[in-house]
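Just below is one structure, and these are the notes that go with it.
The values are calculated or read from the model by the stated rules, or taken from the named source; none is laboratory data. All values reported here derive from a predicted model rather than from experimental measurement. In this analysis, Cβ positions are derived from the backbone assuming ideal geometry, glycine residues included, and neighbour counts consider all displayed protein chains.
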């Protein structure tokens with residue numbers, strides 16, 4: 001029996017649930033780097049830790065018999081693939097969230113009636129693109145476009161989208177972010193899910209009985225950390241204001257250090273809990289916090305004039321869109337990582353060329369967050385037949401059971417070694433960089449402001465590295 005477990009906000013509550021069910025796991029806590037915690041009471045139960053979004057998919061395709069994840073990710077999958085073999089077995093009562101359709105407080109579209117009456121082309125941004133499309137069709141919106149993102153969808157309102165679909169604990173939480181809820185699409189919480197074929201034909205009885213015997217009445221935790229209140233004002237595209245996207249996640253510390261050294265004040269960009277719109281002390285600049293993965297595409301779409309992202313994400317974007325109107329302005333020389341090809345230690349290869357003969361015997365499964373880089377890697381190295389498996393993080397967990405090769409970033413290689421993996425190729429080295437939209441650079445109202453900002457950062461870097 002194989003059980004997929006969530007990494008991140010649901011992890012501690014899920015660990016408590018398993019202990020109550022008599023399925024306690026070793027080394028399954030937030031911050032743990034172990035992806036295969038052991039269950040002593042059920043030695044035949046194989047467990048693996050994934051990002052939540054991957055769990056519904058892994059159970060649906062039959063790689064795992066059971067999984068624990070929030071209901072929103074299950075219904076996001078079923079919204080596009082309603083016949084997928086995933087079954088909702090039991091609500092677990094924790095990780096409660098609501099899935100809202102939201103607009104900015106400044107928007108004229110503050111009701112479903114206003115949406116239905118609108119003849120404008122409406123842009124809908126979300127981590128839940130299938131929900132977004134289903135909602136747009138159900139409301140019979142006359143014209144709409146869906147923009148999938150990795151996260152922080154609310155940061156695109158109001159200037160780059162009219163609507164977003166986001167999770168929140170309540171409408172009041174959204175109000176603190178300058179958002180208005182138009183509808184609640186789903187009330188979500190953690191669920192035990194199963195593969196239909198495993199449920200019908202496999203012997204899941206002992207594990208299911210353990211889950212049903214667990215006391216879930218006190219498991220109320222597991223809520224994701226909310227984005228803070230709005231600090232800065234929304235960008236005003238009519239006065240030559242420059243829009244700058246700043247990263248959340250592990251790059252945030254490096255950016256904070258760089259801005260501090262450059263004597264650029266910023267309010268609301270505190271480590272670990274940045275606001276959606278921090279206030280930056282640069283004249284005619286407006287900042288927005290978003291995911292580095294989304295930045296190259298959003299700069300290309302002119303959602304932002306500038307962004308601080310990683311060269312890895314820029315290369316992944318340019319691999320798919322080589323004529324994209326995105327330019328690298330400055331290597332920020334921080335957040336240095338290597339992009340590497342990785343296999344399990346048990347695989348008898350030491351370099352990429354040795355994978356070719358194995359690839360002729362079966363379709364190599366190459367897993368990565370960098371879908372386009374992974375596809376180019378497989379093509380350039382003649383790894384055919386090959387299947388690219390998109391992931392949403394915690395990618396080391398996929399080897400060796402659910403993928404053969406991983407394209408991943410690493411700073412020291414310690415996490416790779418800890419998970420019994422080895423590097424067989426270094427594709428390139430990546431650092432943080434400042435990127436710009438080529439149209440913004442050609443805009444006379446913005447060019448001088450961008451140049452001054454670049455000169456400030458360049459001078460700071462030449463006086464010594466920020467981090």
Next item on the list: Pick out the one residue from 305, 312, 294 that is within 25 Å of residue 404 (Cα to Cα) and modelled with pLDDT of 95 or more.
Entry: 312
Note to self: Of everything in the range 179-212, what is closer than 15 Å to residue 87 by Cβ and in a strand (DSSP E or B)? Give them in sequence order.
What the structure shows: 191, 192, 193, 194, 195
Check: Is there a residue in the range 118-128 that is at pLDDT below 95, assigned to a helix (DSSP H, G or I) and either touching a strand residue (DSSP E or B) at 6+ places or on another chain (Cβ under 9 Å) or under 19 Å from residue 179 (Cβ atoms) (or both)?
Finding: no
Check: Restricting the search to the range 193-211, which residues are farther than 11 Å from residue 18 by Cα and under 32 Å from the mean Cα position of the chain (by Cα)?
Finding: 193, 194, 195, 196, 197, 198, 199, 204, 208
Note to self: Considering only the range 142-163, I want to know if a residue exists there that is in a loop (DSSP other than H, G, I, E, B), without any contact (Cβ under 8 Å) to a residue 60 or more places away in the chain and surrounded by fewer than 20 Cβ atoms within 10 Å (Cβ to Cβ).
What the structure shows: yes
Next item on the list: From the list 373, 339, pick out the single residue that is part of a strand (DSSP E or B), under 30 Å from residue 256 (Cβ atoms) and either assigned by TED's automatic domain parsing to the domain that holds residue 410 or in contact (Cβ under 8 Å) with a residue 24 or more places away in the chain (or both).
Entry: 339
Checklist line | Residue list for the range 19-34, restricted to those being touching a strand residue (DSSP E or B) at 6+ places or on another chain (Cβ under 9 Å), surrounded by 15 or more Cβ atoms within 10 Å (Cβ to Cβ) and not in a loop (DSSP other than H, G, I, E, B) | finding: 25
Check: From the list 445, 467, which one is at pLDDT below 95, surrounded by fewer than 21 Cβ atoms within 10 Å (Cβ to Cβ) and in a helix (DSSP H, G or I)?
Finding: 445
Checklist line | Qualifying position, being part of a helix (DSSP H, G or I) and either assigned by TED's automatic domain parsing to the domain that holds residue 426 or over 20 Å from residue 157 (Cβ atoms) (or both), among 258, 297, 271, 330 | finding: 258
Next item on the list: Could you list all residues from the range 171-181 that are surrounded by fewer than 21 Cβ atoms within 10 Å (Cβ to Cβ) and at negative phi?
Entry: 171, 172, 173, 175, 176, 180, 181
